[in-house]
Amino acid sequence: MSKAFASQADLEEKQVTFTKLSDHAYAYTAEGDPNTGIVVGDDAVMVIDTQATPVMAQDVIRRIREVTDKPIRYVMLSHYHAVRVLGASAYGAEHVIASQDTYDLIGERGEADKASEIGRFPRLFRNVESVPAGLTWPTITFTGKMTLWLGKLEVQLLQVGRGHTKGDTVVWLPQDRVLFSGDLVEFDATPYAGDAYFQDWPQTLDNITALKPLALVPGRGAALQGEAQVAKGLAGTRAFVSELYDSVRQGATAGKDLKAVYRETCEKLRPSYGHWVIFDHCMPFDVTSA
Ligand SMILES: [Zn+2]
């Protein structure tokens, strides 16, 4: 019999925080569960990553309605993972936007990822029966960069490099200097690297740093406010990704098998990162992928 995933026993409800980051940006965070970003433009609202089910998304909508009655016109998917996309139908948005690379990943791995994430993380898929059959398909895709104008508010969707997946997209508000990173950046939460590009990820984080965000909404963990906190989030993610990859490379170069490399890498990283949420859940995927 295979050992149950650490996350299957993880059933505790998390406390939601709804944080205003600028005149146009809000963060919906939940103590390390997947975050949602909200951009309120002059004429419409954009939701960045949807929550895992339509019922869970209703709580995001309730928070949005506490601050604006503008229509939720756009849903933006930072990448293809099920916990980010399966709540999309709740918003009734006119458009679901993603990079073409994310669109391609939905086709290649969407069904498999949906089945495996729901199986591994039942708590994250509250009222999973509310998820419509099939997959969430973008209605608009782009490559590299796309700019939306929500009235006078400029919203840039940027592929600044691969990292967490090949389709990673960040949302950047140049006027407010607020960035929504998706899972490219985590805070007090373990990066999942099952689809990752380890050799690209640090450079991608440099490209985010170069934008000089004043606030950053990570994929998981609290919203980062002020340059010092943003730098801390970027540095923590980079350190984890680099140390994990170095450890696996050393083990593989020495001819050790996956089991030994996994054990050694967990031992090396646990003192620094073992307290981050989903550490035990991510490590088997991260080491195997590296
Ligand atoms: Zn992800």
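Where a number appears in this text, it was derived from the coordinates with a stated rule and is not lab data. Everything numeric in this text was worked out from a predicted model, so none of it was measured. Positions of Cβ are backbone-derived with ideal geometry, glycine not excepted, and every protein chain shown enters the neighbour counts.
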- Item | Links that overshoot a 30 Å alpha carbon limit, given the list 20/232; 232/256; 14/114; 145/259 | 232/256; 145/259
- trypsin sites (Lys or Arg not before Pro) lying in DSSP loop within segment 132-187, provided at most 12 other Cβ fall within 10 Å: 152
- Relative to the longest principal axis of the C-alpha atoms of the chain, give the angle of the C-alpha long axis of helix 258-273, reported between 0 and 90° and rounded to the nearest 10°. 60 degrees
- Note on the structure: For the chain, the longest principal axis of the Cα atoms and the Cα long axis of helix 54-67 enclose an angle in degrees, to the nearest 10, of 50 degrees
- Which residues does a label at residue 115 reach in segment 253-290, if reach means a backbone N under 20 Å from a point 7 Å past the Cα toward the Cβ? 285
- Query: Dividing the alpha-carbon Rg of the chain by 2.2 N^0.38 Å yields what?
  - Reply: 0.95
- Message: For a quick check of your reading of the filter: which GluC sites (Glu not before Pro) in segment 36-134 sit in a DSSP loop and have no more than 15 other Cβ atoms within 10 Å?
- Response: 94
